[in-house]
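Asker: Dropping a structure here in structure tokens format, bear with me for questions.
The values are calculated or read from the model by the stated rules, or taken from the named source; none is laboratory data. Fair warning: this is a prediction, and the values are worked out from it, not measured in the lab. A quick note on method: Cβ atoms are made from the backbone with ideal geometry, for glycine too, and the neighbour counts reach across all protein chains shown. Heads up: the accessible areas ignore ligands, DNA and RNA and are worked out on the full protein's heavy atoms, side chains in. Shrake-Rupley method; radii C 1.70, N 1.55, O 1.52, S 1.80 Å.
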Amino acid sequence: MSLLRNIAASYRAPGPVLDRLLADGPREDRALALCMGGCIAMFVAQWPRLAREAHLSGDDLPMLLGASLMGIVFILPLVLYLLAGLTRLVAGVLGGQGSGYSARLALFWALVAATPIMLLYGLVGGFIGPGPAKSLVGALWCAAFLWIWIAGLLRSERGGESG
């Protein structure tokens, strides 16, 4: 199934999508590509908001973009790997049968699948600015991300995948 179809299917039923991704076996190259792709998309989503902020405050846009790049593309993946490891440890203590790879894939896939809403959030932040619309889209992103991640993690912890 294509990436876009998997993303759309994840909003309806995230478990089967993660099952299809896990069926290919443990592929760390795919997990890292999903993590980096999600982080890069999140970085791109920040551009409209940062441009607005630079325009209104007189700050230097390249400086803001550089700081965002450092935080989102270089540091966030490390935090995501740590978070996936911690969730796997907690799931293992609670009797989960998954693996470190399945926990990473569930988290990274949730990040990628929620990317369309993150891009909308960036546009709202850039064109409308702070306010109820931005808060609503942000809450929608959080809900979608958590829905896909938790459903995928629960599905992977029941499966007993190795890796």
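Asker: Label points 7 Å out from Cα along the Cβ direction at Trp147 and Ala54: separation in nm?
Answerer: 3.5
Asker: With no solvent and one point on each alpha carbon, what is the Debye value of log10 I(q)/I(0) for the stretch 91-163 at q = 0.13, 0.20, 0.26 Å⁻¹?
Answerer: The Debye formula, applied to the Cα set alone, gives -0.47, -0.76, -1.03.
Asker: Here is a follow-up. Counting pairs of alpha carbon atoms under 8 Å apart in space and at least six apart in sequence, what relative contact order in percent does the chain give?
Answerer: Reported relative contact order: 36 percent.
Asker: Starting from one equal scatterer on each C-alpha and no solvent at all, send me the Debye-based log10 I(q)/I(0) for the stretch 7-163 at q = 0.11, 0.14, 0.16, 0.18 Å⁻¹, two decimals.
Answerer: Taking Cα atoms of the stretch 7-163 as identical point scatterers yields -0.47, -0.71, -0.88, -1.03.
Asker: Not counting ligands, DNA or RNA, and with a 1.4 Å probe, what is Met70's accessible surface area in Å² rounded to the nearest 10?
Answerer: 100
Asker: Taking 0.36 nm per intervening residue step and subtracting the Cα-Cα distance, what contour gain separates Ala8 from Met63 on full extension?
Answerer: Additional length available on full extension: 16.3 nm.
Asker: Counting only heavy atoms of protein chains, what accessible area per residue, in Å², does the chain have with a probe of 1.4 Å?
Answerer: Value returned for the chain: 52 Å² of accessible area per residue.
Asker: If you roll a 1.4 Å probe over the stretch 1-78 with all protein chains in place, what percent of the accessible area is carbon or sulfur?
Answerer: That share works out to 69 percent.
Asker: Rg to Rh ratio, the stretch 28-78, alpha-carbon atoms and Kirkwood radius?
Answerer: My calculation puts Rg/Rh at 1.09.
Asker: A follow-up question, please. Assign unit charges at the C-beta atoms only (+1 for Lys and Arg, -1 for Asp and Glu), then state the dipole size of the stretch 42-163 relative to its Cα centre in Debye, rounded to the nearest 20.
Answerer: Computed charge dipole of the stretch 42-163: roughly 280 debye.
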